[in-house]
Every structure is written in structure tokens, then in C-alpha cells.
Amino acid sequence: MKKTTLLGIILPLILATLAIFPLHHSTTPTAFHSPAERVQFRQQGFSFAQQASEQQAFGGFLPIDSSILFPTSKTCGGCHGRDPNGFALVTTAGVDINIYDDWGSTMMANAARDPFWRAKVSHEILVNPSHSLELQDKCTSCHAPAGHYQAKLGRQQSHYTLAELYTDTLGLDGVTCQACHAQAPQNLGSLHSGNLNFDTNYIRVAYGPYDVVFEPPMHEFVGITPKFGAHISDAGLCAGCHTLITGTVDLTGQSTGGTFVEQATYHEWLNSRYDEDHDNLSCQGCHIPQLFDEVIISGNYQFLTPQYPFGLHELAGANVAMLKLLKANRQQLQIPASAAQFDSTISATLRMLQQKTLDISLTPGVLNGDTAYFDLKLVNKAGHKFPSGYPARRAWVEFEVKNDKGETLFHSGRFDPDYSLPDEQGQAEPHYDVINRPDQVQIYELVPGDVNGAFTTILERGDKALKDNRLCPQGFNTQDPAYDTTQIVGAAFLDPDFNRSGAQQGTGADVLHFHIPIQGYTGALTVAARVWYQSLPPKWMAPMFAESTPEIDSFRTMFTAADRSPVLVASAVLENVLVTPVSAKETAAAAGIQVFPTLSSDGRVRIQLGPGVSLRRVQVWNAGGQLVWNRVATEVQLPEARGVYWLDVQTNKGRATQKVIRQ
């Protein structure tokens, strides 16, 4: 037997044995690396139990000892970052897919540095200053979970504040590695509002998706014990932060005893076809997409067995505007990620929005009257409502109709240079089944209301939803146990096309009917439908920007200079759609033209011109408004499909229309 063959058999057995019977601390550390290698790793940013005196002012490490439950992400980046040798964390084609760099430019990594979040917390404190400590403690539990829970579990603090966060390397790590990988398998899905259950049975355990684990290096040098945990791929891992229920206060700051569902993305997933009882596609299945290449998951250990599938830590959501703002203000916000890393995350986010979120289709209806009819169908492909998350986020439909000269005949959903919607009615635009006026705009959104039923951006004042017509995920049902936190509110609940097809629920779709007055126009139309996504609407910013705190003032400056343009999620266009007014009759004869036969079995139709009439163009349109013939000819051949067609005959005497039928 060849030595290489024997080694290929024995080495995996050795590694498996080490995984099952891990090496523990001894008086003499295991020499996995030479002194020269250790020097090289330190130069690359890797740390072996560095002392507090060695911490850097920016991006440094906390001491590695048993009192620290959550090491900083850079500690993990020493092995799970870019491998300078090009062996680890690359695809079979050599593309770098290292975890640390992919994560570093995400909204998760920058949750604690997010300037809008900081400004909004300070805004909430201004409104209810007596609740300041509770507000800060609640908000940091999800935006800075490692810093928050280190303070709670490690130092037994009652509150974790913004002032402490701003000087806390661990807190500034946002939703860092261990915020997910140290969560215990117990109580998954039953926790919410920042209440997270971390496994403290080990000193800093890290759960992963692979059942063969090589423990010694991580255990010896970083102080983290890697373990297999099937729950790391469970959607319940996300529930603790992605369901947020707040206590309601009135306008004087007094508790009403009520609650408000600020977001329930996890519950929306439960009320969908993607939950564990149906398709079983978890949050991680989309937001940490799997790559089926064999990947060595740790640098510096070339002998490790490659693992698959590998979860790409893209963590793409939908907030393109904030990612652009973070990229533009990296130095001010002290963000370690590079511009190139942000570009990669922005690209992944755009792919998520534009390829995996929404399908739309636009079809014409009756076109020969004083009104042109069109149906726009939107189908949600996400595993939760669209939009989901923080209630400022919204999507709207822009619908534009132009004549054959390019002049606008109808325009709903237009937006101003500041990306506000001038036709939006008050603060809660109604949900529409039918739109027949330009000042009606379909906005898919959650609109919070206070105890008086007025729109509010103060989450603590949230008492009820004034409107929630966000597109439901497929499989969504009003009889589902999770419906109490995912309700449809307002006119959408009675819309026969909203998440329904007849009596059947769960389509995940909405059909919007456009009735466009054509005011006597005869000719071709170009019809365009666009769906836009916006995460930072001006109506949400205005109440906060009317106040002043250091956080609000800083964010206002960034926001003013930022690219705040909405993202085009999907679009559909119909060109050369022929319409005729009510007054249009069988006018061919009156114009000195004879069209025969009007009932054709073989599809041939002839045009006979009267004296002094010369032909300039013949166009044929089907009943769906599509142009199917466009020539200068007195003999027309209709398409094979049976049905009604319209002949538009253009001559030196004018134009005339004639309806013909192919049997």
C-alpha cells in the first residue's frame, strides 16, 4: 500500500479521535506552531492571550481569560479571516470567501456603529428621559449583544448604556461571532426582544454546523471550545432579536400595560410555507447561503479536512442605503471594514432585493373604452413579509402611462428629489385594490400609531398598527398560531386579491388593478410598473431631525450627504399597447376604407381603399394590447391564435380602426 494512501486513511482517523477526545489545558501548551509562526500570526493580527497592556486603541483585543465570555471578532479573524497562503476559506476556484471579511461589512457587524440606530435611541430618550436606562439597555441587547451580555453575565450590571458602549471594544463589535455561535440550543424560538440564552456550561463555547470538530487549536489558544450544534442552522437562533415586542406608554410617558409588535420577522417566517412543518427553509438558508465546495474553514492548519457545505457569511438583507452611508463614513465611525468589502456586501444585498424578493407581472385588460385596464401582480418570494424588520422600511408601486409622443398621461407613485412621495395622503396612505387617480399610491408598509391613533415614529409610544399591508410570505394564513403577531391591518384584510385566490389563502401575492382614464386618446401606450424599496423615508427622519443630540446631529450630517435613492426591486413594461376611445366605432367605411372579411377563418383580411385614399401604415393589435403586425400592405395575415384583433389603418385621410375576429 502506498504511503500517501495509508496517510489518507490514518489522518482522518487521528483528527476524528482528537475531536472526540479533545486535548485540554496542561502546564505545557501544545506546540501547534513554532515561535517563528507565532510572530508571523501576530503580524497578521492573530492573538495568543495578549495582555490588556497590548490592546490597540482601535480594533484591539480584550484579554483572553475565563472572565470574558465573548472574545472580539478579530480574535476569530486570526484563523477565520483571509489566509495569506491561499489554502483556507477559498472556493475550489480559489475565490476568497473568508468569514471575517464577509461579516465585517454587514449590518450585523456594524449594528452598534449604525448612526441611525444611535440617533434613534437618543431620540427615544429625549421623548421619555425617565426611561433612559431601560431604553438603552433594551436597545443594546440586540445591537451590541456581546457587550451587553458581558456586562450582565460577567459583571452583573443592571444596565448597559450607550456611554459604556462607545468605549467598549466588545460592544462595538455589534452582532459579533459569539452572539450567534454561543447561543444554547434550549429555548430556541421561544425568546424575543433581546432576551438571548447563551450556553455558560463551557467557558466560551462556539457551536458550528459540522459534526466532526477539531478542538485543540481554538481551545488552547483562543479559549473557545468548538462544538457541533445542529441548532446553529435553526431559524430559532434569530428569533431573540428579530421579534421585538415593546411596552406601550402614553404621551406623558406612563405605561398603559399594552404592547406593540415593532417587528416579528421570525413569526412571519413561522406563518409561511418555509417553516419547519413545510419547506423547512430557515433564515440561514437565504441569509447565509450554502456553498457546496469543499472548504478548509481555518487558516494556519492545512492538514484539516475540508468541510461542506460552507455557509457564506454574506448576511445580506435589504438596507442598501445604510450600507452606502456606512461605507462613506468608515473613518468617522471607526469601521475596520474596507470600501471593497462594503461594495461586496452592497452587491449581495442588491442581489437579494432584485433577484430573490419579488416577482411582478403586468397584463392589460379591456382597452377599447374611455378607460384602459391593467392588472399588476406582485408575488413575495421572501420567507417573511416584504418589507420586514424596522417599521420605517417600505415599498411602493410607481405606475406610469405615456402616449406615442412620450407624453405622460398617468403617473402614480412619483417621488420628489428628496425621495418623499408628494401624493402620499397624510401619514398612512390607504391600501388600494383599485387605483384610478394619480394621487393614489400603493405603499406596502407597517404604520405605527400611538394611544390617540396618530402616526408615531417613537417606538415606545407604539400602541397599535394603523396599517399593515406588507406583502405576506407564501403560505401565510390568518388562522396560523403566529397570526397574533403578524396581522394584516386595514383595507388589505378585505382585499380579495391580497394573499388570496378565491377562498384560498397563502398566495403571498397582491393583484393591483389600474383603471386609467384615456380621455378620448386613440393610439399606442407605453405602460411601466416599478416597485421601489426605501429603508429611510423622509417622513420617518423629520420628527427626529427636529431635535438635537450629538447622535442626531452627527447622523443628520451623514444623511444629508448620503446617497438616499430608493432601490428598484422589480419592473415590468408593456410597449405599443393600442387603446381606442368609447366613441370609436367601425370607422373604416366612413373613411373610405373597406375591411373584409371581419370574421375570418384562415386569418386573411383585405383592405380596399376608396378614391383618393392612399395607405401609409397598417397595424394589428391583439386583445391583450400587443402589436402583432406592422406593415404597409392591403392584405393582412392575422396570427394563428383565434380571437379578437384590431386593425389600425393609417391613410392620407386620417386613421380608422376596425375590429376583426379570427375563428
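Coordinate-derived values only; no laboratory data. This is a predicted model, so every value here is computed, not measured. With ideal geometry, Cβ positions are generated from the backbone for all residues, glycine too; neighbour counts draw on all protein chains shown.
Look at where the Cα atoms of segment 448-473 and of segment 385-445 average out, and the two centres are 20 Å apart. Restricting attention to segment 357-579, the count of lysine pairs at 8 or more positions apart or across chains with alpha carbons under 21 Å apart stands at 7.
Say R0 is 56 Å: what FRET efficiency, to the nearest 0.05, do Asp370 and Phe87 get from their beta-carbon distance? Each step should come with its number before you reach the end.
Details: r = 71 Å, r/R0 = 1.26.
For R0 = 56 Å, the calculated efficiency reads 0.20.
Can you give the FRET efficiency to the nearest 0.05 for Val212 and Asp96, using r as the Cβ-Cβ distance and R₀ = 22 Å? The value I calculate is 0.35.
Ranked by Cβ crowding within 10 angstrom, fewest neighbours first, how are Asp343, Asp418 ordered?
Numbers: Asp343 14, Asp418 8.
In increasing order of surrounding Cβ atoms, one gets Asp418, Asp343.
Sites listed here are GluC sites (Glu not before Pro) in segment 301-410 whose DSSP assignment is loop and whose Cβ has at most 12 other Cβ atoms within 10 Å: Glu407. Across segment 241-388 the C-alpha pair distances fall into 10 Å bins from zero in the proportions 9, 22, 27, 24, 12, 5, 1, 0 percent. Between Gly299 and His80, Gly81, the built amide H atoms are under 5 Å apart, and every one of these is 5 or more places off in sequence or on another chain.
Rounded to the nearest 0.05, the FRET efficiency derived from the C-beta distance between Asp277 and Asp433 at R0 = 30 Å is 0.45. The distance from the alpha carbon centre of segment 113-169 to that of segment 494-516 is 42 Å, rounded to a whole number. The label-point distance for Ala328 and Asp343, in a model that sets each label 7 Å from Cα toward Cβ, rounds to 1.8 nm.
Exposure proxy ranking for Cys286, Cys139, based on other Cβ atoms within 10 angstrom of each Cβ and starting from the fewest, stands as Cys286, Cys139. Under the convention that each Lys and Arg Cβ holds +1 and each Asp and Glu Cβ holds -1, the size of the dipole of segment 96-152 around its Cα centre is about 260 debye. Residues Trp629, Trp646, arranged from fewest to most other Cβ atoms within 10 angstrom of their Cβ, appear as Trp629, Trp646. Each of Ser614, Gly603, Thr657 was scored by the projection of its Cα onto the charge dipole of segment 589-662, and the greatest displacement toward the positive side belongs to Ser614; charges sit on the C-beta of Lys, Arg, Asp and Glu. Axis of helix 339-355 versus longest Cα principal axis of the chain: the two differ by about 50°, to the nearest ten degrees.
When the Debye formula is applied to the Cα atoms of the chain, each taken as the same point scatterer, what base-10 log of I(q)/I(0) results at q = 0.06, 0.07, 0.10 Å⁻¹? These q points yield log10 I(q)/I(0) values of -0.45, -0.58, -0.96.
How much length is gained on full extension from Thr560 to Thr200, taking 0.36 nm per residue of separation minus their Cα-Cα distance?
Details: separation 360, 0.36 × 360 = 129.60 nm, distance 4.45 nm.
Full extension of this stretch gives 125.1 nm more.
With +1 on each Lys and Arg Cβ and -1 on each Asp and Glu Cβ, how big is the dipole of the chain about its Cα centre, in debye rounded to the nearest 20?
Details: 49 positive and 64 negative charges, 385 e Å.
Computed about the Cα centre, the dipole is about 1860 debye.
The alpha-carbon of Lys324 sits under 14 angstrom from the alpha-carbons of these aspartates and glutamates, leaving out residues fewer than 8 places away in its chain: Asp114, Asp343, Asp563. Under the combined filter of DSSP loop state and at most 14 neighbouring Cβ atoms within 10 Å, segment 519-586 retains these GluC sites (Glu not before Pro): Glu547, Glu586. For Tyr308, project a label point 7 Å along Cα to C-beta. Then give me every residue of segment 253-295 with its amide nitrogen under 11 Å of that point. Residues 291-295 qualify, since their backbone N sits under 11 Å from the label point. Would you list which lysines come within 19 Å of Lys653, measuring only between C-alpha atoms, while excluding same-chain residues fewer than 8 positions from it? Reachable lysines: Lys585.
Considering helices alone, the calculated mean residue ellipticity of the chain at 222 nm is -6000 deg cm²/dmol, with DSSP H runs of length four and up weighted by -39500 (n - 2.57) and normalised per residue. In summary, the lysines within cross-link reach of Lys152, defined as a Cα separation below 16 angstrom excluding same-chain residues under 8 places away, comprise Lys138.
The phi-based Karplus calculation (6.51 cos²θ - 1.76 cosθ + 1.60; θ = phi - 60°) puts the 3J(HN,Hα) values of segment 542-553 at 4, x, 6, 5, 6, 10, 9, 9, x, 5, 5, 5 Hz, whole numbers, x for Gly and Pro. Rounded to the nearest 20 debye, the dipole size of segment 133-276 about its Cα centre is 160 debye, using +1 on the Cβ of Lys and Arg and -1 on the Cβ of Asp and Glu.
Mind jotting down a quarter of the surface of the convex hull over the alpha carbons of segment 146-293, in square nanometres, one decimal?
Details: hull surface 48.0 nm².
Averaging across all directions leaves 12.0 nm² for the Cα convex hull.
For segment 254-263, backbone phi angles converted through the Karplus equation (6.51, -1.76, 1.60; θ = phi - 60°) give residue-by-residue couplings of 8, 5, 9, x, x, 9, 9, 7, 5, 7 Hz, Gly and Pro being listed as x.
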